[in-house]
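To keep things clear, I will list the structure first and then write my remarks on it.
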Amino acid sequence: MKLWGGRFRKEENKLMEDFNSSLHVDRRMYLEDISGSVAHVNMLTQCSILTREEGEKIREGLLSILQDIESGALALEGEYEDIHSFVESHLIQRIGDTGKKLHTARSRNDQVAVDIRLYARRKASDVLAAVEELQESLKTKAEENPSIMPGYTHLQRAQVVTMKHHLLAYAQMLERDKKRIRNAMEILDESPLGCGALAGTTHLIDREITARELNFAKPVDNFIDGVSDRDYLLELMADFSIIMMHLSRLSEELILWSSQEFKFIEIDDAYATGSSIMPQKKNPDAAELIRGKSGRVYGSLVSLLTTMKGLPLAYNKDMQEDKEAFFNALDTTIACLQIMAKMIASMKVLHKNMESAVKKGFLNATELADYLVKKGVAFRDAHSIVGSIVIYCEDHHKGIEDLSLEELQSFEEKIDQDLYEYIDYHNILNKGTKVALKQ
Ligand code: ARG
């Protein structure tokens, strides 16, 4: 079953065999491995390195393996070193000696590089779709909730905003996340097939043919680079890490907002869990898990960065570690995006509680200062006057809008009856650039 047994006098140690095997990880690339092989064989035939009959036989063998894997008739297991050995061994079993010609003018180094690029490209599209699904759910929830809420800085009540504008902030972050992923997809869009182990081949193959058949923009320019670089995986994992950072911030807010202290939202039962001892508890587990799993995705990125950093050119077996890290980051990111989309779509926004929170935090203090500026007071003076008014309000347990005109005028004579309209929490959003908070 070994692809490379010829040069060895002894059997491989069993522990070593298990240690070396990556089939349990790389088997998920079976489709890419077979597509890459089919493209390679088609090219070998077109370049007259294989006869038409040989090419046809190998192609049919490969496609029958694909069919059987997909139908479940052929399980992706056994004592194979990796998915490449699995497919090639089964091919030889099925079609005999002609199967031994598949690997002509190819190395597992360019083979694995093309597999992981194809796989990463396909899965990056799935991530884009999952990001879009979350954006849709944020936008719908935003449209349904133009209601006012406190906006925060330093987690202290700052100014009036709307739930709509707040949720749309996340939709914007995700828009940039998509751009980053598309950019990574564009950068990885070069075919390494034909680089060989690191130095090309003495056969006159045509790398343009395989690049075209596998839908790559072009073949890579440099053989050594083509088999030894994994920066496209790192770039995608960096993008996934940024997505997870965004999801983690959103999770943190959902956790805060669903607490008794905030009570701005209620997470749907379907995305919460209870406590085994405290009967009253409803915990925001989905949000906590997403926040927690951001660590796993960052960890995968750092793990592969560390694996790659000291490697001499070209291929080194260390690089087999790329897949576990990449798959882990990928699966986690997609799962978190999907759960978050559903959690947002099903959560209930508690408008009344948000509105009463708005009324408690002097969220119209900045607008009072703006009002004074309109009446001719310099902003820095206005800031100081409002500061004194806030101290007075705190001492008397009142909001600014609860003060009488006489009380207000004792701080600044220029304050008039029209002040009340100006600092009304709902009216605030009709003034200046703040209209954007409602749009
Ligand atoms: N399983 C290997 C990997 O993922 C495939 C390439 C093996 N190449 C080699 N020269 N041993 O990296």
Sequence-distant residues sharing a close amide H with M149 (under 5 Å, placed H)
V161, T162, M163
Note on region 365-423: contact order normalised by length, alpha-carbon pairs under 8 Å, 6 or more apart, percent, works out to 38 percent
For region 428-433, in residue order, the Karplus 3J(HN,Hα) values (coefficients 6.51, -1.76, 1.60; θ = phi - 60°; whole Hz; Gly and Pro = x) are 3, 6, 9, 10, x, 7
Footprinting exposure proxy for D318, D239, D370 (fewest neighbouring C-beta atoms within 10 Å first)
D318, D370, D239
So what are the ³J(HN,Hα) numbers for region 340-348, from phi and the Karplus equation (6.51, -1.76, 1.60; θ = phi - 60°), rounded to whole Hz, Gly and Pro as x?
4, 4, 6, 5, 5, 4, 9, 6, 9
Footprinting proxy, H154, H165: sorted fewest to most Cβ within 10 Å, the residues are H154, H165
Would you please put 376-387, 347-358, 241-252 in order of how densely packed they are, using the mean number of other Cβ atoms within 10 angstrom per residue and starting with the highest?
241-252, 347-358, 376-387
Which residue, L204, L301, L363, tops the fluctuation ranking in a GNM of the chain built on C-alpha contacts under 10 Å?
L204
Karplus couplings for region 357-371 from phi (6.51 cos²θ - 1.76 cosθ + 1.60, θ = phi - 60°), rounded to Hz, Gly and Pro as x?
5, 4, 6, 9, x, 6, 6, 9, 5, 5, 5, 4, 5, 4, 4
For the chain, what does the convex hull of the Cα positions come to per residue, in cubic angstrom?
205 Å³
Rank these for me by crowding, R94, R108, R9, going from fewest to most other beta carbons within 10 Å.
R9, R94, R108
Sorted by average packing, counted as other Cβ atoms within 10 angstrom per residue and highest first, what order do 55-68, 27-40 take?
27-40, 55-68
Reachable lysines from K14, Cα under 16 Å, same-chain residues fewer than 8 places away excluded?
K2
Check each of the GluC sites (Glu not before Pro) in region 369-439 and keep only those in coil by DSSP with at most 16 other C-beta atoms within 10 angstrom; list them in order.
E413
Of the cross-linked pairs K164/K293; K375/K431; K139/K282, which ones have a Cα-Cα span greater than 24 Å in the structure shown?
K164/K293; K139/K282
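Just so you know, all these numbers are worked out from the coordinates, no wet-lab data involved. Remember, it's a predicted structure, so these values are computed and weren't measured experimentally. Here the Cβ is made from the backbone with ideal geometry for all residues, glycine too, and neighbour counts use every protein chain on show.
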